[in-house]
1. Show the residue pairs that are 6+ apart or on different chains and have beta-carbon atoms under 6 Å apart, the first residue being within the stretch 55-76 and of a type in the set (Asp, Glu), the second being open to solvent by 20 Å² or more (accessible area, probe 1.4 Å).
2. If a residue has to be away from ligand 2 (no atom under 12 Å from the Cβ) and out of contact with any helix residue (DSSP H, G or I) (no Cβ under 6 Å at 6 or more places or on another chain) to count, how many in the stretch 40-58 make the cut?
3. Please enumerate the residues belonging to the stretch 294-329 that are β-branched (Val, Ile, Thr) and open to solvent by 100 Å² or more (accessible area, probe 1.4 Å).
4. Of the numbered conditions (1) surrounded by 16 or more Cβ atoms within 10 Å (Cβ to Cβ); (2) touching an Asp or Glu at 6+ places or on another chain (Cβ under 7 Å), Gly259 fails exactly one; give the number of that condition.
5. State yes or no: is Ala154 in contact (Cβ under 8 Å) with a residue 40 or more places away in the chain and among the small types (Gly, Ala, Ser)?
6. Considering only the stretch 39-55, state which residues are among the polar types (S, T, N, Q) and open to solvent by less than 20 Å² (accessible area, probe 1.4 Å).
7. Taking helices (runs of 4 or more DSSP H) that fall entirely within the stretch 51-155, which contain at least 1 residues that are touching a His at 6+ places or on another chain (Cβ under 8 Å)?
8. Select from the stretch 135-192 the residues that are among the hydroxyl-bearing types (Ser, Thr, Tyr) and more than 24 Å from Gly38 (Cα to Cα) and list them in ascending order.
Amino acid sequence: MQSDASSNEPIIEINDVTKIYGSDVRAVDNVSLTVNRGEFFALLGPSGCGKTTLLRMLAGFETPTEGKVIIDGDDMAEVQANKRPVNMVFQSYAVFPHMTVAQNVGYGLKIDGVAKKEISARVEEALELVKLGGLGSRMPDELSGGQRQRVALARALIKRPSVLLLDEPLSALDAKLREAMQLELVRLQKTVGITFVIVTHDQAEALSMADRIAVMESGFVRQVASPAELYEHPTNRFVGDFIGQINLFSGSASPAGEGKVNVSAAPLSDQVLDGTATGSVCVAVRPEKVNVSRDKPADSNLLSIQGSVADIAYYGGYSNLYVDVGAADPVLAEITNAERGIGPGYAQGETVWVSWRPEDTLLFAE
Ligand SMILES: Nc1ncnc2c1ncn2[C@@H]1O[C@H](COP(=O)(O)OP(=O)(O)OP(=O)(O)O)[C@@H](O)[C@H]1O
Ligand SMILES: [Mg+2]
């Protein structure tokens with residue numbers, strides 16, 4: 001989702017930041033990235049890749065071993081967590097069980113010595129913002145999981161931070177509630193205009209919510225881009241494979257002049273493709289870009305391979321066809337079931353052709 005509110009003015013600058021735990025755990029490895037003011041930014045990657053560690057360094061709960069964190073123009077090296085213009089919502093969304101919703105939300109202001117009258121006005125405003133208006137006198141155990149989550153959000157928002165850091169804020173919710181909360185979080189972020197940095201290991205969550213995403217692996221940032229850019233133009237195999245589904249063929253490439261390479265990746269051979277990667281490479285294509293036909297496609301520009309239908313999975317609106325082409329893995333083609341009652345129209349064991357356009361082919365250096 002592209003935000004109108006986000007600017008190109010950086011609010012967070014992470015410069016060559018490394019975090020080493022003990023003597024040898026490189027949790028975050030030489031990471032540089034910029035988050036813009038008003039942006040909804042996601043840190044995405046598998047378990048243990050360093051997402052929480054990076055977020056905690058922004059919050060001030062961890063100190064970088066090397067490198068610099070700048071927030072709102074100020075170097076954070078000497079700035080304590082409670083003095084930073086950020087607020088963090090933890091994965092466990094801890095709310096105080098013995099306090100009412102209103103007391104929970106107003107707690108931070110009370111600690112800061114804000115006048116009672118102002119606290120109650122701001123609490124009511126914050127509760128309205130997260131759609132909990134009128135529930136201030138409830139106790140946390142009288143709320144649903146999603147409502148408790150929103151209490152934690154209201155508590156973080158009430159202090160009007162420049163940046164809100166959210167560590168897997170929705171992971172405790174069931175799938176349906178989670179999807180509803182994803183939309184609500186985006187709405188909320190656009191309403192308040194605060195910069196959000198959210199940590200998630202759920203790619204669908206990151207794709208649907210964020211303006212930009214940093215994909216992490218083993219402490220490294222592998223690519224920073226918009227959701228559509230990451231999906232359609234991943235710059236390396238890890239990102240292509242981690243985001244969405246993808247067909248991969250390993251092989252080798254040699255220069256063919258003018259920004260082109262000659263690629264052989266079984267069962268594809270001698271394909272001239274756009275690209276610069278040579279040596280060991282990986283050819284890839286997304287399943288929805290792959291066509292299936294009974295006859296060999298007439299268009300000789302297409303990359304086409306003959307195979308046989310190994311499996312068919314019907315999902316209502318679309319079907320996944322797995323076509324055995326003699327490679328390590330079958331080729332996955334996602335077919336839209338546009339015609340009512342027909343399904344994909346192929347039978348297991350049937351001989352078919354899979355094909356796709358050269359411009360839909362991705363090429364990764366290995
Ligand atoms: N306090 C610590 N001491 C030592 N090692 C740690 C510490 N905290 C994290 N690590 C290690 O640093 C690496 C990154 O951890 P981190 O919690 O940042 O990952 P993550 O991406 O948030 O994972 P998850 O998705 O499971 O929450 C892991 O290998 C982890 O074991
Ligand atoms: Mg984590």
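1. Glu62/Arg56; Asp72/Pro85; Asp72/Ser162
2. Initially, the stretch 40-58 is screened for residues away from ligand 2 (no atom under 12 Å from the Cβ), giving 40-42, 57-58.
Now narrow it down to the ones that are out of contact with any helix residue (DSSP H, G or I) (no Cβ under 6 Å at 6 or more places or on another chain): 41, 57-58.
Qualifying residue count, the stretch 40-58: 3.
3. Restricting attention to the stretch 294-329, the residues satisfying the condition of being β-branched (Val, Ile, Thr) are 305, 309, 312, 323, 325.
Those that are β-branched (Val, Ile, Thr) and open to solvent by 100 Å² or more (accessible area, probe 1.4 Å): none in the stretch 294-329.
4. (1)
5. yes
6. To start, the set of residues in the stretch 39-55 that are among the polar types (S, T, N, Q) comprises 47, 52-53.
The answer is Thr53, and nothing else.
7. 51-59
8. Scanning the stretch 135-192 gives Ser137, Ser144.
The values are calculated or read from the model by the stated rules, or taken from the named source; none is laboratory data. Values in this document were obtained by computation on a predicted structure and should not be read as measured data. Glycine also receives a Cβ, built like all others from the backbone with ideal geometry; neighbour counts cover every protein chain displayed. Protein only, heavy atoms only, side chains kept; ligands, DNA and RNA dropped before computing areas. Shrake-Rupley method; radii C 1.70, N 1.55, O 1.52, S 1.80 Å.
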